[in-house]
Amino acid sequence: ESMEKALSKALVENQFELYYQPFICFNTRKIVAVEALIRWNHPYWGLISPDKFIPIAEKSGLILPLGEWIIREACLDIQEFLSYPLKLAINISPHQLQDTFFLRNMIKILQETKFYPQNLSLEITEGIFLENSTNVIKLMVKLKKMGISLALDDFGTGYAGLKYLNDFPFDVIKLDKSFIHNIARKSRQKAIVNSMVTLAKTLNLTVHVEGIENNDDLNWIISEGINQGQGYFFSPPLSINQLKSFLKIWV
Ligand code: G
Ligand code: G
Ligand code: MN
Ligand code: NA
């Protein structure tokens, strides 16, 4: 059986599950958001990483129905926690933003799940810069007007240039975990992150980091004036039940 076939079957047979990784505010040490991360547990192949199957879903077009499932499921899961208050971050494939029905579907899901757009953040990778920019930027502006935040994910690993950062209406850039890993011990990496932070400030973008795994790295990140992030140091991605317990202790 091809993975492409298995993927469309998986959607019908409910083999996908969403995990949620907390984002922590470093000043208050409170959870300010959770990022939805998809997991696929295939009956024979076992757990398959999204790094493997998302590109195949993108190629086959299945990313559109799958992406819609992710948005609805995540809004339903997190809706009951909004009183904390909490933002929900969802990864959106650049292909989804090329879909003419994306905005309509998004509005429909928010209404159906009674989820406030102000509590939603969409994470988009640098692949977006290769798409038809006029239409994508128009869509992004509409999403922002609704109150949705837009984050540039995996920043620094792809095509990000000064021009793109200026042209696309992002609120947040998320520095990729490859920059953050052991940063406290790497002076060249510190210089790179320091210049990315300066650039972000100049462009009025908020900086988030991912991949915080130890206290030394966290302290260096805080000294750069970054005040939000995620990483195994705080919590790995959690099942919805694990998240419920985590929120009771942390918030
Ligand atoms: O959680 P994990 O490290 O296994 O995720 C690997 C990659 O897969 C991440 O970089 C992430 O961007 C991507 N990914 C995870 N969940 C989703 C999702 O729901 N939608 C999309 N488009 N990508 C996802
Ligand atoms: O979409 P994005 O690439 O931002 O997804 C973040 C991914 O990074 C998640 O799949 C998550 O499993 C992974 N991740 C989160 N925290 C850490 C961490 O501290 N270290 C490492 N190596 N990976 C992490
Ligand atoms: Mn992400
Ligand atoms: Na990332």
Step by step: first the residues of the range 232-251, then only those that are within 16 Å of ligand 1 (Cβ to nearest atom) and of a type in the set (S, T, Y), then the one that is most open to solvent (accessible area, probe 1.4 Å). Which residue is that? Y232
If I go through the range 1-23 residue by residue, how many of them are open to solvent by less than 10 Å² (accessible area, probe 1.4 Å) and more than 14 Å from the chain's Cα centre (by Cα)? 3
Residue pairs within 7 Å by beta carbon, gap of at least six or interchain, first lying in the range 163-185 and part of a helix (DSSP H, G or I), second open to solvent by 30 Å² or more (accessible area, probe 1.4 Å) and within 16 Å of ligand 1 (Cβ to nearest atom), listed first then second, are S178/T157; F179/G156
Any residue that is among the hydroxyl-bearing types (S, T, Y), in contact (Cβ under 8 Å) with a residue 40 or more places away in the chain and surrounded by fewer than 20 Cβ atoms within 10 Å (Cβ to Cβ) - is there at least one of those in the range 135-156? no
I need the full set of residues from the range 84-128 which are of a type outside the set (A, V, I, L, M), part of a loop (DSSP other than H, G, I, E, B) and more than 16 Å from ligand 4 (Cβ to nearest atom), in order please. Y84, P85, Q98, D99, T100, F101, K114, F115, Y116
Quick one: count up the residues across the range 186-208 that are hydroxyl-bearing (S, T, Y) and touching a residue at least 24 places away in the same chain (Cβ under 8 Å). 1
Within the range 217-233, is there a residue that is in a helix (DSSP H, G or I), away from ligand 2 (no atom under 15 Å from the Cβ) and touching a Leu at 6+ places or on another chain (Cβ under 8 Å)? no
Scanning for something open to solvent by less than 50 Å² (accessible area, probe 1.4 Å) and without any contact (Cβ under 8 Å) to a residue 60 or more places away in the chain, does the range 222-231 turn up at least one residue? yes
Report whether or not L162 is surrounded by fewer than 19 Cβ atoms within 10 Å (Cβ to Cβ) and modelled with pLDDT under 95. yes
Considering the range 75-85 alone, what residues qualify as being open to solvent by less than 60 Å² (accessible area, probe 1.4 Å) and in contact with a Phe, Trp or Tyr (Cβ under 8 Å, 6 or more places away or on another chain)? C75, D77, I78, L82
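The rows are residues; the columns are (1) touching a strand residue (DSSP E or B) at 6+ places or on another chain (Cβ under 7 Å); (2) within 16 Å of ligand 1 (Cβ to nearest atom).
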{"site": "L130", "(1), (2)": "no, yes"}
{"site": "M146", "(1), (2)": "no, no"}
{"site": "L152", "(1), (2)": "yes, yes"}
{"site": "G156", "(1), (2)": "yes, yes"}
{"site": "L175", "(1), (2)": "yes, yes"}
{"site": "S178", "(1), (2)": "no, yes"}
{"site": "S187", "(1), (2)": "no, no"}
{"site": "I192", "(1), (2)": "no, no"}
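Here's the yes/no breakdown for (1) β-branched (V, I, T); (2) in contact with a Pro (Cβ under 9 Å, 6 or more places away or on another chain); (3) over 19 Å from C25 (Cα atoms):
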site: P169; (1), (2), (3): no, no, yes
site: K186; (1), (2), (3): no, no, yes
site: A200; (1), (2), (3): no, no, no
site: V207; (1), (2), (3): yes, no, no
site: I240; (1), (2), (3): yes, no, yes
site: K244; (1), (2), (3): no, no, no
Could we say that D216 is at pLDDT 95 or above and surrounded by 12 or more Cβ atoms within 10 Å (Cβ to Cβ) here? yes
Among residues of the range 86-108 being open to solvent by less than 30 Å² (accessible area, probe 1.4 Å) and more than 14 Å from ligand 1 (Cβ to nearest atom), the residue modelled with the highest pLDDT is M106
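The values are calculated or read from the model by the stated rules, or taken from the named source; none is laboratory data. This is a predicted model, so every value here is computed, not measured. Don't worry about glycine lacking a Cβ; one is built from the backbone with ideal geometry, like all the others, and counts go over all protein chains shown. Note: areas computed on protein heavy atoms with side chains; ligands, DNA, RNA excluded. Shrake-Rupley method; radii C 1.70, N 1.55, O 1.52, S 1.80 Å.
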